[in-house]
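Only the coordinates and a few stated rules stand behind these numbers; no lab work does. Note that the structure is a prediction, hence the values are computed from the model and not measured. Positions of Cβ are backbone-derived with ideal geometry, glycine not excepted, and every protein chain shown enters the neighbour counts.
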Amino acid sequence: MNNLYRLQQIELEQAKLRSDELAINDYNELRNIKANFACKKDAFLRDKARLEQFTAKQHKLSSEEGNLRARIAAEEKELYGGTISSPKAVAAKEQQINSLKNKLNKCVSDAANQRQARVDLEIALEAQLRELSAIQAEFNAKKELYQQGDERRAAQIAVLEKERKKLLKLIPDAFLEWYHSTNNRFEGAPLAKLNNKNVCMGCNTIVTPALARKVANAAEDIVCCEKCGRRLFIEEE
Ligand SMILES: [Zn+2]
């Protein structure tokens, strides 16, 4: 009976280790880290695309600035070239040049703003990249830890399995038959110890002295706890 009880405890332990293998929490944690990474990566890629738009806009502003400067130079050359005689035409030309200069100023200030925005975005992108690689490192470290846990559990199961196979050879067939047929009904624990205070260790109930005597003299008879129905046995020293 000691051997049968040991078999039961081994199988319970193995079942527990196997259910740990699923490690639902670990799995969820990894999935969350992965989702977080994907989300941050999307944001990073969006910002990177914005950076390209910034570059295009900077080029546009810079060529616009060049055009305006050329036009102003041409107009001024005409104005100071002495070819325009009427004061009215001179005033009109001056006004035109002023308007071009206003445009140029706006263009220059837009370009400065754009440059600053670009610098800010580049700094933000670097920070995002650092964060992404930190998340990646966290994911890899956790994954490795979980894999190590799985390997450790597999090794423990294998050790228990060796002992289980040895026990199967030592336990009489009749005991095994009874054990396997009632196993499911008691969620893998159909056998319970009766301790020296007459307590059924399956349900923590004190059994009657008469029942305890029956258990002590049971030999191969099946004596069950009146409360939980588990087969009782007294552990041999
Ligand atoms: Zn009981």
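Going by alpha carbons, how many degrees (0 to 90, nearest 10) lie between the helix axis of 2-22 and the longest principal axis of the chain?
Taking Cα atoms only, the helix is inclined about 10 degrees.
In Å and whole numbers, how far do the C-alpha atoms of the stretch 1-74 stretch along each principal axis, longest first?
110, 10, 7
Suppose each label sits 7 Å from its Cα in the direction of the beta carbon; what would the Lys165-Gln147 distance come out to in nanometres?
According to this spin-label approximation, the distance is 2.8 nm.
So how many Å³ per residue does the convex hull of the Cα atoms of the stretch 1-132 work out to?
Details: hull volume 11.3 nm³, N = 132.
Enclosed volume per residue, from the Cα hull, is 86 Å³.
What is the packing order of peptides 231-237, 164-170, 198-204, taking the mean over residues of other C-beta atoms within 10 Å and listing the highest first? Show your work: numbers first, answer last.
Values: 231-237: 15.3, 164-170: 12.1, 198-204: 17.4.
Listed from highest to lowest mean packing, they are 198-204, 231-237, 164-170.
So what is the orientation-averaged projected area of the chain, using the convex hull of its C-alpha atoms, in nm²? Mind dumping the intermediate values first?
Details: hull surface 90.9 nm².
Average projection, Cα convex hull of the chain: 22.7 nm².
Report the full-extension gain for the segment Leu12 to Lys193: residue separation times 0.36 nm, less the Cα-Cα distance, to one decimal in nm.
Values: separation 181, 0.36 × 181 = 65.16 nm, distance 1.53 nm.
Contour length minus the Cα-Cα distance gives 63.6 nm.
Calculate how steeply helix 87-170 sits against the longest principal axis of the alpha-carbon atoms of the chain, using the helix alpha-carbon long axis, and give the answer as 0 to 90 degrees to the nearest 10.
Roughly 10 degrees between the two axes.
Quote the FRET efficiency, to the nearest 0.05, computed for Val90 versus Ser63 with a Förster distance R0 of 35 Å and r equal to the Cβ-Cβ distance.
Values: r = 30 Å, r/R0 = 0.86.
With R0 = 35 Å, the Cβ-Cβ based efficiency is 0.70.
Would you please give the FRET efficiency between Glu122 and Ser181, computed as 1/(1 + (r/R0)^6) with r the Cβ-Cβ distance and R0 = 45 Å, to the nearest 0.05? Spell out each step's value before the answer.
Working: r = 72 Å, r/R0 = 1.61.
Calculated value: 0.05.
Which order do Thr182, Thr83 fall in if you start with the one that has the fewest other Cβ atoms within 10 Å? Walk me through the intermediate numbers first.
On the way: Thr182 17, Thr83 9.
Final ranking by Cβ density, sparse to dense: Thr83, Thr182.
Taking all pairs of distinct Cα atoms, average 1/r, flip it, and tell me the Kirkwood hydrodynamic radius of the stretch 174-233 in Å to one decimal place.
Details: mean 1/r = 0.0871 Å⁻¹.
Mean inverse Cα-Cα distance, inverted, gives 11.5 Å.
Within the stretch 93-237, what is the number of lysine pairs with alpha carbons under 22 Å apart, leaving out pairs fewer than eight places apart on the same chain?
Here the count comes out as 10.
So if R0 is 30 Å, what FRET efficiency would Ser109 and Lys77 give, r being the distance between their Cβ atoms, rounded to the nearest 0.05? Write out the running numbers ahead of the final one.
Numbers: r = 26 Å, r/R0 = 0.86.
Efficiency, from the Cβ-Cβ distance: 0.70.
If we restrict to alpha carbons, what Rg and Dmax does the stretch 71-172 come to, in Å?
Here Rg and the maximum Cα pair distance are 39.5, 127 Å.
Based on Cβ point charges of +1 for Lys and Arg and -1 for Asp and Glu, what charge dipole magnitude is obtained for the chain about its Cα centre, in debye rounded to the nearest 20? Before the final figure, lay out the partial values.
On the way: 40 positive and 35 negative charges, 147 e Å.
For this selection, approximately 700 debye.
Helix 24-80: angle to the longest alpha-carbon principal axis of the chain, degrees 0 to 90, nearest 10?
It is inclined by approximately 0 degrees.
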